[in-house]
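Undergrad: I'd like to ask some things about the structure below.
No value in this document is a laboratory result; all are computed from the given coordinates. Bear in mind that the values here come from a model prediction, so they are computed numbers and not experimental data. Neighbour counts are summed over all protein chains in view; Cβ atoms, including those assigned to glycine, are modelled from backbone coordinates with ideal geometry.
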Amino acid sequence: MKRFKILITTLLVVATAVAGLASWWLFQSNQVSINAQTRPSTMKKIRKRPAKSKSVRLVALGDSLTQGVGDQRKQGGYVGQIRQQLIKKDHLAVTTSNYGKAGDRSDQIQARLTASSAMQKKVKSADAIVMTVGGNDLMQGFQAATADGSTSIAKMDTAVANTQRTYAAKLTSLLTQVRSLNPTAPIFLFSIYNPVYVYFANVPQLNVYINEFNQTTKSVGKPFARLYFMDINQRLSYGQFDTVEKRAALATKDAQVNKNGVNGQTVEKSLMTNPDGELNKYLSPADHFHPNYTGYTQMTNVLYKTMQQHQQWRP
């Protein structure tokens, strides 16, 4: 019980620090166009007209994962990377519009969409829509459960269950609005993940909440046509601990480290002094929370594969 309280406290401490450090920026990529040109000819025979460029408009909505926080190369996270993959592999002219904002919950994403006619216009004209949502909604539930300074698994269970119900209604509203603006473009929706798994692999309760939240996202999205749920939970949570044996060894090690109890400051100090900067190779050493460039590459690969499986977005 004590270790579970420490885990939640640590997660909230790190998340609060991240929120304070993250700044707003949007990564707008210029449209790449290939204009085939023909030389004037005095010949009277009819020449075949060159093919027009095949262009794709991709719009990204969401929170810090869409904004690209943690990408040390500052290339726009998965949004910048998916653009490059579509250009190189599919030979398309791609325009991206990034509407990610750090800290946004599902209702706040919708509030921005409702307030911005420019954002609505982009969504209406999109060929493909990508979204990250849910992490900050779950964090709100954790904060509610620990507001009085105490917590327990039973109390956390209740808070998360209540948050899930609220989140389901908010996500339904957000997706309904997106679909009303654009009835045809496929929506590619990412799951959330556990950013502190590698440090508390011996404490399974947070994984339970993450899985339940992802199931809520998947269930809410199921009735919407051309919506595709993409699960990145295990990939980003486990990092390089990608086998049962590796995770078992990690859990044993974490249990030994945490057996006497640690406070949030001690955990943060241990993270900062890790010789590799971050124990999970897919997360940023700057905040131990968001994906780094390699982590965003993992997200991009899942997105690209899913887009190839469902190609309604293609010209």
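Undergrad: With a/c under 1.5 counting as rounded, go ahead and sort the stretch 121-263 into rounded, prolate or oblate using the C-alpha gyration tensor (a ≥ b ≥ c being the square roots of the eigenvalues; past the cut-off, prolate if a/b is larger than b/c, else oblate).
TA: oblate
Undergrad: Could you compute the FRET efficiency for ALA147 and LYS54, with r as their C-beta to C-beta distance and R0 at 51 Å, rounded to 0.05?
TA: For R0 = 51 Å, the calculated efficiency reads 0.45.
Undergrad: To continue, here is another question. Students often check this: by mean Cβ neighbours within 10 Å, which of 74-85, 164-175 ranks highest, and how do the rest follow?
TA: Output ranking for 74-85, 164-175: 74-85, 164-175.
Undergrad: Can I ask one more? Could you tally the net charge around TYR228, taking each other residue with its Cβ under 14 Å from the Cβ of TYR228, Lys/Arg +1 and Asp/Glu -1?
TA: Net local charge, TYR228 excluded: +4.
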